[in-house]
Structure formats: C-alpha cells, structure tokens
Amino acid sequence: PTLEELRSSPATAELVTYLRIPHRPPALAQHFLNAREPRRALWIIRIAVQGGYSFSPKFYGRISEKLADMHKWRLIPGLTDVAREDLGYTTTGLLNWRLQALMESQHHFPLQDVLDLYAREHVRVSRLTYHLLIAMHLRNHDLTTALAVVRAMESAGLTVSPRTWAVIL
C-alpha cells in the first residue's frame, strides 16, 4: 500500500502517525531486519520517506550492510534509490553498495559507465570502487578489462595496494 492508502484507512492511519515520531522509523526498520523480514523493513523506509521522515546516509549504509550480510543483494539497488530520493544526493559508499549488489546479482558494467555514473552524481570514485570493478570483471572472466581497471585506478592517483592484489588473487 501507498502512503495515501495507509492514511485513508482507519486501521493503518495510526502507523503513519507512529512513523512521524523521531527515531521510530529507524527502530521499526531495524526490527524487521532483525526478524529476517527485509522487504518489510524496506517498505517501512519507503513509507517513512514518503511521509516526510529523512534518514541519514549512515543509516542507509548500515541497512545496506545488513542486507548484504543476509545475501539480499537484489534489495540494495532499491534501497539506494530511496536513499537518493530521500537525501537529494548519494554518496560514494551508497554507490559502492549498489555496485557490489549488482555485481553479486551477475550484472556487469563497463568501467566508463561506472565512472560516468559517479561523475554524474558528483561523488568521488574510491579505491573500493575500483576493487569492485576489478572483481566484477574477473568474475566475468574478463582479464583484459580487469587490468584496464587497474591502470585506470593508477591513473586516478590510487596506487596498487596489497588489498588490490588480494582482490586479483
């Protein structure tokens, strides 16, 4: 149900009021995650945002991490969409969660598409972003592109670290 449907129903109008109380939406979303009900947690987050509640970027990062721990990769892109809508911007961390979720869901993207996305969103490409791209292309058995990502990482001023070698290995 949408926020308007909830408001119009006497049985659920109290939920909308409850979701306006500070600290209640994050606690309720966390409760559903702890109860292994991630879709309900995301529904609460969406309804709270539609009702005017705003979550912090750190909250979205913690929820993404919890979804990853539960191997609910397919839910993370939707969460990052809600975060973008709620915050009015996105962060490197949220885009990295989205990229990792897409990789885990067998979606592979060219380096330039990812770099363009980060540029469009005005966020910095991090070492983790490059590591995710390297892992993505290696999983796709594309060594040539994985090495091109390493070169792009070095061109961006990020040196190859032991962690980079661990990703490659």
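The values are calculated or read from the model by the stated rules, or taken from the named source; none is laboratory data. Because the structure is a prediction, the values reported are computed rather than measured. Heads up, the Cβs are rebuilt from the backbone with ideal geometry, glycines too, and the neighbour counts pull from every protein chain shown. These area figures cover heavy atoms from the full protein model, side chains too; ligands, DNA and RNA do not enter into them. Shrake-Rupley method; radii C 1.70, N 1.55, O 1.52, S 1.80 Å.
Out of the stretch 63-79, which residues are of a type outside the set (A, V, I, L, M) and assigned to a loop (DSSP other than H, G, I, E, B)?
Quick first cut of the stretch 63-79, residues of a type outside the set (A, V, I, L, M) only: 64-66, 69, 71-74, 77-78.
Those that are of a type outside the set (A, V, I, L, M) and assigned to a loop (DSSP other than H, G, I, E, B): His71, Lys72.
Tell me yes or no: at least one residue of the stretch 13-29 is open to solvent by 40 Å² or more (accessible area, probe 1.4 Å), modelled with pLDDT of 85 or more, part of a helix (DSSP H, G or I) and out of contact with any Asp or Glu (no Cβ under 8 Å at 6 or more places or on another chain).
Of the stretch 13-29, the ones open to solvent by 40 Å² or more (accessible area, probe 1.4 Å) are 14-15, 17-18, 20-24, 27.
When the remaining residues are screened for being modelled with pLDDT of 85 or more, the result is 27.
Now narrow it down to the ones that are part of a helix (DSSP H, G or I): 27.
Those left that are additionally out of contact with any Asp or Glu (no Cβ under 8 Å at 6 or more places or on another chain): 27.
Yes, the stretch 13-29 has at least one match.
If only one of Ala166, Ala119, Ala146, Ala156 is among the small types (Gly, Ala, Ser) and open to solvent by less than 30 Å² (accessible area, probe 1.4 Å), which one is it? Spell out how you get there, then give the answer.
Working: Ala166 fails: open to solvent by less than 30 Å² (accessible area, probe 1.4 Å); Ala119 fails: open to solvent by less than 30 Å² (accessible area, probe 1.4 Å); Ala156 fails: open to solvent by less than 30 Å² (accessible area, probe 1.4 Å).
One residue alone meets the criteria, Ala146.
I'd like the residue in the stretch 40-83 that is touching a residue at least 24 places away in the same chain (Cβ under 8 Å) and of a type in the set (Lys, Arg) and, out of all such residues, is least open to solvent (accessible area, probe 1.4 Å).
Lys66
Among the numbered criteria (1) surrounded by fewer than 18 Cβ atoms within 10 Å (Cβ to Cβ); (2) assigned to a helix (DSSP H, G or I); (3) basic (Lys, Arg), which one does Arg124 miss?
The failed condition is (2).
Taking the stretch 49-62 only, how many residues are within 18 Å of the chain's Cα centre (by Cα) and either outside any loop (DSSP other than H, G, I, E, B) or within 16 Å of Phe32 (Cα to Cα) (or both)? Steps first, please.
Of the residues in the stretch 49-62, the ones within 18 Å of the chain's Cα centre (by Cα) are 49, 54-62.
After this cut, where a residue has to be either outside any loop (DSSP other than H, G, I, E, B) or within 16 Å of Phe32 (Cα to Cα) (or both) as well, the list is 49, 57-62.
Counting residues in the stretch 49-62 that are within 18 Å of the chain's Cα centre (by Cα) and either outside any loop (DSSP other than H, G, I, E, B) or within 16 Å of Phe32 (Cα to Cα) (or both) gives 7.
Please find, among His107, His141, the residue that is more than 30 Å from Gly52 (Cα to Cα), assigned to a loop (DSSP other than H, G, I, E, B) and within 16 Å of the chain's Cα centre (by Cα).
His107
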